[in-house]
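These notes concern the structure reproduced below.
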Amino acid sequence: MRISKEQAAAMLLAMDDILILAHENPDGDAVGSACALCRALRSIGKNAWIHLESISRTDAFMAEGLTASDDFAPRHLVAVDTADAKILGVGGTDYDKQCKIELNIDHHISNAFFAENTCLDTDAAAAAEAVFDVLKLMKIPLTRDIAECLYVGIATDTGCFRFANTTAKTLRTAADLADAGIDLANINRLQFETKSKEYAAFEKMAIASMRTYFDGKCAMIVATNEMFTQSGVTDGETQVLSSVPRQIEGVYVGITMKEKKKGLFRISVRTNEPADASAIAQHLGGGGHKMAAGCSFEGSQEDAVRTILRYTEEELKKIGLL
């Protein structure tokens, strides 16, 4: 059932012993939204914890002291920034079998409404923007640590306010977060201007793999397990790679394909107007937004490349670019 932010706020106020989940391979918005909500709930005396499959080095500061122990038995499950149960980050646990997802706070237009109650704001630039609104309705004071988490979520999902999903409301929200005393310069440096040596080595190999298709209208990076092994990079550090193919002049569809394990690939699609990333990803059971979407593929690397290019070609033809 789709519910309002007011109803979501009331639900959270009535809950206790809460576990907050997000999608697999969580990005800054997933981590920031989960951590902000957890810290806010704790600030009003709730027993709240998070479970995230992985956390990158740049996001780790947000999650300090928040990760649930193995013996925590939640009475309520809440998801954030998750469009479909298929990508819920519960690997290695049975949390989603212990009890149902009662509430999901999200912003993806492709949301499958898998939770009992879904607070969906498709106009929000990030799930963190929707979480901010819910916390405001709960009348929870905006402390610096909560504001930092929300800012990371919004800044990363907007490309530091460069992407088309940035609205006037997004900027007003960011201003409110800045007023809470966060260190904007340091957070922006950490999130957007800092690379580990491992990531730098990985990025070099990944960019060298880039190929273009359809007269340069599509660019694709294929990051293999061998690249991860050779560089020593963690998957969480490689989120920023998804935007690289789209940055090439003349590219309408940028694809980043990461080998998760033998025969399984996670595909990120980033587009420039008028191409629709979600339309491409939906062919493979994924989804997201018009400019950013994702999906998975099981099979060989050759089949994965061939398949995603077929659907990319369909999209380029549909919008009159081929």
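The values are calculated or read from the model by the stated rules, or taken from the named source; none is laboratory data. These figures come from a predicted structure and were not determined experimentally. Here the Cβ is made from the backbone with ideal geometry for all residues, glycine too, and neighbour counts use every protein chain on show.
Just checking, how many residues over the stretch 145-178 are without any contact (Cβ under 8 Å) to a residue 24 or more places away in the chain and acidic (Asp, Glu)?
0
Could you check the stretch 29-74 and list, in sequence order, the residues that are among the acidic types (Asp, Glu) and either surrounded by 19 or more Cβ atoms within 10 Å (Cβ to Cβ) or not assigned by TED's automatic domain parsing to the domain that holds Ala125 (or both)?
Of everything in the stretch 29-74, those that are among the acidic types (Asp, Glu) and either surrounded by 19 or more Cβ atoms within 10 Å (Cβ to Cβ) or not assigned by TED's automatic domain parsing to the domain that holds Ala125 (or both) turn out to be Asp29, Glu53, Asp59.
Looking at Met205, Met227, Met210, can you tell me which residue is under 26 Å from His23 (Cα atoms), assigned by TED's automatic domain parsing to the domain that holds Ile308 and touching a helix residue (DSSP H, G or I) at 6+ places or on another chain (Cβ under 8 Å)?
Criteria check complete, one pass: Met227.
Can you pull out every residue in the stretch 92-107 that is outside any strand (DSSP E or B) and either farther than 16 Å from Val31 by Cβ or among the hydroxyl-bearing types (Ser, Thr, Tyr) (or both)?
Those that are outside any strand (DSSP E or B) and either farther than 16 Å from Val31 by Cβ or among the hydroxyl-bearing types (Ser, Thr, Tyr) (or both): Gly92, Thr93, Asp94, Tyr95, Asp96, Lys97, Gln98, Cys99, Lys100.
Can you pull out every residue in the stretch 135-167 that is buried (at least 24 other Cβ atoms within 10 Å of the Cβ), β-branched (Val, Ile, Thr) and either under 15 Å from Arg42 (Cβ atoms) or in contact with a Cys (Cβ under 9 Å, 6 or more places away or on another chain) (or both)?
Ile146, Val152
Ser231: within 30 Å of Lys197 (Cβ to Cβ) and in contact with a Gly (Cβ under 8 Å, 6 or more places away or on another chain), yes or no?
Here the answer is no, as Ser231 does not meet what is asked.
What about Asn25, is it over 18 Å from Phe132 (Cα atoms), in the same structural domain as Asp183 (by TED's automatic domain parsing) and either of a type in the set (Phe, Trp, Tyr) or crowded, with 16+ Cβ neighbours inside 10 Å (or both)?
Considered against the rule, which asks whether it is over 18 Å from Phe132 (Cα atoms), in the same structural domain as Asp183 (by TED's automatic domain parsing) and either of a type in the set (Phe, Trp, Tyr) or crowded, with 16+ Cβ neighbours inside 10 Å (or both), Asn25 comes out as yes.
Quick test of your reading of the structure: Arg306 fulfils all but one of (1) of a type outside the set (Ser, Thr, Tyr); (2) modelled with pLDDT under 95; (3) over 20 Å from Asp84 (Cα atoms). Name the failing condition by number.
(2)
Being touching an Asp or Glu at 6+ places or on another chain (Cβ under 7 Å) and buried (at least 22 other Cβ atoms within 10 Å of the Cβ) is the filter here; which residues of the stretch 272-286 pass it?
Correct list: Ala275, Ile280.
Could you check the stretch 264-293 and list, in sequence order, the residues that are without any contact (Cβ under 8 Å) to a residue 60 or more places away in the chain and closer than 15 Å to Ala223 by Cβ?
Once the filter is applied, which keeps residues that are without any contact (Cβ under 8 Å) to a residue 60 or more places away in the chain and closer than 15 Å to Ala223 by Cβ, the stretch 264-293 yields Leu264, Phe265, Ile267, Ser268, Val269, Arg270.
Leu19 - would you say it is touching a His at 6+ places or on another chain (Cβ under 8 Å), over 17 Å from Asp145 (Cα atoms), modelled with pLDDT of 95 or more and assigned by TED's automatic domain parsing to the domain that holds Ile146?
yes
Which of the residues spanning the stretch 183-240 are of a type in the set (A, V, I, L, M) and assigned to a strand (DSSP E or B)?
Answer for the stretch 183-240, where residues must be of a type in the set (A, V, I, L, M) and assigned to a strand (DSSP E or B): Ala219, Met220, Ile221, Val222, Ala223.
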